[in-house]
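Right, one structure below, let's go through it.
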Amino acid sequence: MASQFDPSEFVDDDFHAARKAPAGSAVGTAAVATAGDPDRAPTREEIESRVGDMQTKLAELKRAQHDLERERAELEETRRRQSEFTQGRQEMEQHLTRGIGLLDESEFTLRRDAEQMGKALLDLREALLKVQSVHEETWTKDNLNTELTRALTTLENARMEWNTARLKFAILNGDAAPPTLATPATAPGPMESLLRERNYAEMCRLGLALTWPIALVALAIFLVLLLRR
C-alpha cells in the first residue's frame with residue numbers, strides 16, 4: 001500500500017528564511033559570524049571605540065597624577081614645617097637656657113651689689129651723724145685737747161668710710177656709669193686703684209691727710225706731758 005504524500009517534507013525552511021530576510025540582517029549576521037575571528041582587520045567603529053577608551057583612561061591617569069602631585073606637595077609642606085619646628089625649638093632652647101643663665105648670674109651680682117651698697121649707705125649715714133654730733137661750741141679750756149682728739153678721730157673714721165665708698169661706687173666720683181661694685185677678680189684692690197689714679201703730689205697730700213690726725217694726737221700728748229712737768 002503506497003504512503004500518503006506530505007508536501008511539507010520537501011520544503012527547505014532555511015532557504016525560505018534567507019529569501020524573506022532583509023539585506024541589513026544578512027550583513028549583521030555576517031558580522032556576528034566573523035566577530036570571533038582573531039585575524040580579521042578591526043573596523044572603523046572598533047578603532048574609534050578603542051581610541052575613546054584610551055582617552056578616558058588618559059584623563060583618569062591625569063587626574064590621578066594631579067591628585068598625587070597635590071598630596072606630595074602637602075607632604076613636603078608638612079615636612080618643611082616639622083623641620084622648621086624642630087630647628088626653631090632647638091635654637092630657642094639654647095637661647096633661653098643661655099639667657100636664663102646670664103640673667104640669673106646678673107641678678108645675683110646686682111643683688112649682692114645692692115646689699116653692699118645698702119651697707120655702705122648705712123655706714124655713711126652713721127658717719128655723718130657722728131660728724132654732725134660734734135659741737136665745738138661746747139668745748140672748754142679743760143677738755144679742749146680731749147674733745148679735739150675725739151673730733152679728729154671721728155673725722156678720720158668718716159674720711160675712711162668716704163674713701164672706701166668712693167672706691168667701690170664710681171657714681172660717688174661723678175662718673176656717669178651706673179654704680180657697680182668692683183670684684184677682686186676683675187678689678188684691682190682699693191689701694192692699687194687709689195695709687196694708679198693719683199700722681200705723686202696727690203699721693204703726698206693723701207698721706208698727709210691720713211697721718212696728720214695721728215701726728216696731732218701725738219703732739220697733743222707730748223704737750224700735755226710737757227705741761228705736767
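Return yes or no: is residue 113 over 30 Å from residue 219 (Cβ atoms) and at pLDDT below 90? In short, yes.
Regarding residue 160, is this residue in the same structural domain as residue 221 (by TED's automatic domain parsing) and either hydrophobic (A, V, I, L, M, F, W, C) or farther than 30 Å from residue 216 by Cβ (or both)? Yes.
Within the range 125-157, the set of residues being part of a helix (DSSP H, G or I), among the aliphatic types (A, V, I, L, M) and in contact (Cβ under 8 Å) with a residue 12 or more places away in the chain comprises 127, 128, 131, 148, 151, 152, 155. Of all the listed residues (152, 128, 124, 144), the sole one being surrounded by 11 or more Cβ atoms within 10 Å (Cβ to Cβ), modelled with pLDDT of 90 or more and within 26 Å of residue 219 (Cα to Cα) is 152.
The values are calculated or read from the model by the stated rules, or taken from the named source; none is laboratory data. Quick caveat, the model's predicted, so the values are computed rather than measured. As a convention, Cβ positions derive from the backbone with ideal geometry for all residues, glycine included, and neighbour counts pool all protein chains shown.
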